[in-house]
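The values are calculated or read from the model by the stated rules, or taken from the named source; none is laboratory data. Small disclaimer: the values here were computed from a predicted structure and weren't measured. Positions of Cβ are generated from backbone atoms using ideal geometry, with glycine treated the same way; all protein chains shown enter the neighbour counts. These area figures cover heavy atoms from the full protein model, side chains too; ligands, DNA and RNA do not enter into them. Shrake-Rupley method; radii C 1.70, N 1.55, O 1.52, S 1.80 Å.
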Amino acid sequence: RVSFMNNQKPQKPTLSGQRFKTRKRDEKERFDPTQFQDCIIQGLTETGTDLEAVAKFLDASGAKLDYRRYAETLFDILVAGGMLAPGGTLADDMTRTNVCVFAAQEDLETMQAFAQVFNKLIRRYKYLEKGFEDEVKKLLLFLKGFSESERNKLAMLTGILLANGTLNASILNSLYNENLVKEGVSAAFAVKLFKSWINEKDINAVAVSLRKVNMDNRLMELFPANKQSVEHFSKYFTEAGLKELSEYVRNQQSIGARKELQKELQEQMSRGDPFKDIILYVKEEMKKNNISEQTVVAIIWSSVMSTVEWNKKEELVAEQAIKHLKQYSPLLAAFTTQGQSELTLLLKIQEYCYDNIHFMKAFQKIVVLFYKAEVLSEEPILKWYKDAHLAKGKSVFLEQMKKFVEWLKNAEEGNQQLSPYVE
């Protein structure tokens, strides 16, 4: 019995050890991409630079080779000619092919042809979508490891694939990498990318894609913090021939500034800040963000009207509105120094009274109040009445204003009869 036990003891570790080794060796072979790379490169070498033949070869190979497991290797080869080491360099001891994006001609037509290869491959093997997206994110992080020409080709290809929907705009997050931004690589790459993207679609389609992934307000982050201004962005991209992108970013910035202004205004009003402080703040914002007086008066009107819970009874709402607007008329008067601003305000009042049914009968009363408070003057009111009004509720509002407008005309002509409108 003793000798039997002695025989048993050394066998246990040997057996389990052998089994473990075998399993590990099998696993290593199974995940080794070298063989896969050799098959792909050999096939590409045989097809040559005929991209139609390349697409057919890739289509057929998917049935025999494990694309799902080796997606990264497959895309590395198609873009760079071989497997990429960390940082974006091609390993010296690896076989490589010249049938790839980086070895192709640096022009839009060639990149469009390569885009077709990727489109066909991903349409045929839908499961490669995620792998391809991850690949492009990785390639963008490796940009410093590529030559300028390779970067240009990758940028053109990415722009085309963004335009045709093969890629999602979220991949652009990789361009916000601190080192790429600091060294100017991100901005230079973005120029080529947006040129090919806009060339395939237009700025509106680009804007929609960016908005979907909340990137419409992040484009200035392509520059270091000390250069993140609309002026710098606009100059850089306009000089690079992308005026439409510059204007888009300028407009986005302006929308953001206007929203911020409205939010702050409403907070100041609800706190009951003095008008002189509010006026000073608004004027500074106008100057800083290049916001026109017409835009500001519309923002103030909408802010003033949103600070109140309006009465639901039509007969009481006019009285409530007059009381409320009388209080805020000095604020509105500060931003109606031009005829065009007064007209903008008139149109906003018309729109508001039309959209809020209880205000339909209050229009004339509001206009008269603002006339008495010197927010509105004769000329813009007469212009509004004659031909500058909106179609919304036109007949109702013109009828309401008829007598007041007649009185204004008489007053203008010097007939100083007493008026029920002016105290």
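Do the conditions hold for F335, that is, is it out of contact with any Phe, Trp or Tyr (no Cβ under 6 Å at 6 or more places or on another chain), surrounded by 15 or more Cβ atoms within 10 Å (Cβ to Cβ) and part of a loop (DSSP other than H, G, I, E, B)? Against the criterion (out of contact with any Phe, Trp or Tyr (no Cβ under 6 Å at 6 or more places or on another chain), surrounded by 15 or more Cβ atoms within 10 Å (Cβ to Cβ) and part of a loop (DSSP other than H, G, I, E, B)), F335 qualifies. Among the residues of segment 265-289, just one is surrounded by 12 or more Cβ atoms within 10 Å (Cβ to Cβ) and in a loop (DSSP other than H, G, I, E, B), namely D273. Being open to solvent by 10 Å² or more (accessible area, probe 1.4 Å), in contact with a Leu (Cβ under 9 Å, 6 or more places away or on another chain), over 24 Å from N199 (Cα atoms) and not polar (S, T, N, Q) is the filter here, so list the residues in segment 88-124 that pass it. Of everything in segment 88-124, those that are open to solvent by 10 Å² or more (accessible area, probe 1.4 Å), in contact with a Leu (Cβ under 9 Å, 6 or more places away or on another chain), over 24 Å from N199 (Cα atoms) and not polar (S, T, N, Q) turn out to be L90, A91, R96, V99, R124.
Restricting the search to helices (runs of 4 or more DSSP H) fully inside segment 105-222 and requiring at least 2 residues that are within 28 Å of T73 (Cα to Cα) and more than 23 Å from the chain's Cα centre (by Cα) gives 108-124, 128-141, 148-163. I need the full set of residues from segment 49-62 which are small (G, A, S) and either in a loop (DSSP other than H, G, I, E, B) or without any contact (Cβ under 8 Å) to a residue 60 or more places away in the chain (or both), in order please. Hits for segment 49-62 are A53, A60, S61, G62.
Scan segment 351-365 for residues that are part of a helix (DSSP H, G or I) and farther than 24 Å from N410 by Cα and jot them down.
Filtering segment 351-365 for residues part of a helix (DSSP H, G or I) gives 351-355, 357-365.
Listed by number, the residues that qualify are E351, Y352, C353, Y354, D355, I357, H358, F359, M360, K361.
Considering L193, L180, L162, the condition of being touching a Leu at 6+ places or on another chain (Cβ under 9 Å), under 18 Å from G87 (Cα atoms) and surrounded by 21 or more Cβ atoms within 10 Å (Cβ to Cβ) is satisfied by L180 alone. Determine if segment 41-50 includes at least one residue that is more than 26 Å from A85 (Cβ to Cβ), open to solvent by less than 30 Å² (accessible area, probe 1.4 Å) and at pLDDT 55 or above. Taking every residue of segment 41-50 in turn, at least one turns out to be more than 26 Å from A85 (Cβ to Cβ), open to solvent by less than 30 Å² (accessible area, probe 1.4 Å) and at pLDDT 55 or above.
Put simply, of Y176, Y248 the only residue that is modelled with pLDDT under 95 and among the aromatic types (F, W, Y) is Y248.
Go through E309, E314 for me and flag whichever is open to solvent by 30 Å² or more (accessible area, probe 1.4 Å), without any contact (Cβ under 8 Å) to a residue 40 or more places away in the chain and of a type in the set (D, E, K, R). Even if it seems obvious, please write down each step before you answer.
On the way: E314 fails: without any contact (Cβ under 8 Å) to a residue 40 or more places away in the chain.
That would be E309, the only listed residue that is open to solvent by 30 Å² or more (accessible area, probe 1.4 Å), without any contact (Cβ under 8 Å) to a residue 40 or more places away in the chain and of a type in the set (D, E, K, R).
The residues of segment 162-184 that are over 14 Å from F223 (Cβ atoms) and either touching a strand residue (DSSP E or B) at 6+ places or on another chain (Cβ under 7 Å) or small (G, A, S) (or both), listed by number, are A163, G165, A169, S170, S174.
Table: residues versus (1) in the same structural domain as D387 (by the TED database); (2) polar (S, T, N, Q); (3) in contact with a strand residue (DSSP E or B) (Cβ under 8 Å, 6 or more places away or on another chain).
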position: G272; (1), (2), (3): no, no, no
position: V282; (1), (2), (3): no, no, no
position: S303; (1), (2), (3): yes, yes, no
position: V308; (1), (2), (3): yes, no, no
position: V317; (1), (2), (3): yes, no, no
position: Y328; (1), (2), (3): yes, no, no
position: L332; (1), (2), (3): yes, no, no
position: L347; (1), (2), (3): yes, no, no
position: H358; (1), (2), (3): yes, no, no
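Taken over segment 366-387, the residue count meeting the criterion of being in a helix (DSSP H, G or I) and crowded, with 17+ Cβ neighbours inside 10 Å is 10.
Report whether or not F233 is in a helix (DSSP H, G or I) and touching a residue at least 24 places away in the same chain (Cβ under 8 Å). In short, no. The set of residues in segment 165-177 being open to solvent by 10 Å² or more (accessible area, probe 1.4 Å) and touching a Phe, Trp or Tyr at 6+ places or on another chain (Cβ under 7 Å) consists of T166 alone. Of all the numbered requirements in (1) open to solvent by 70 Å² or more (accessible area, probe 1.4 Å); (2) of a type in the set (A, V, I, L, M); (3) at pLDDT 95 or above, A225 misses one, and that requirement is (3).
Looking at segment 63-87 only, could you name the residues that are assigned to a loop (DSSP other than H, G, I, E, B) and open to solvent by 10 Å² or more (accessible area, probe 1.4 Å)? Reasoning before the result, please.
Looking only at segment 63-87, we keep the residues that are assigned to a loop (DSSP other than H, G, I, E, B), and these are 63-70, 81-83, 85-87.
Passing the criteria: A63, K64, L65, D66, R68, R69, Y70, M83, A85, P86, G87.
Considering the conditions (1) under 36 Å from the mean Cα position of the chain (by Cα); (2) over 30 Å from K287 (Cα atoms); (3) among the charged types (D, E, K, R), D387 is excluded by exactly one of them, (1).
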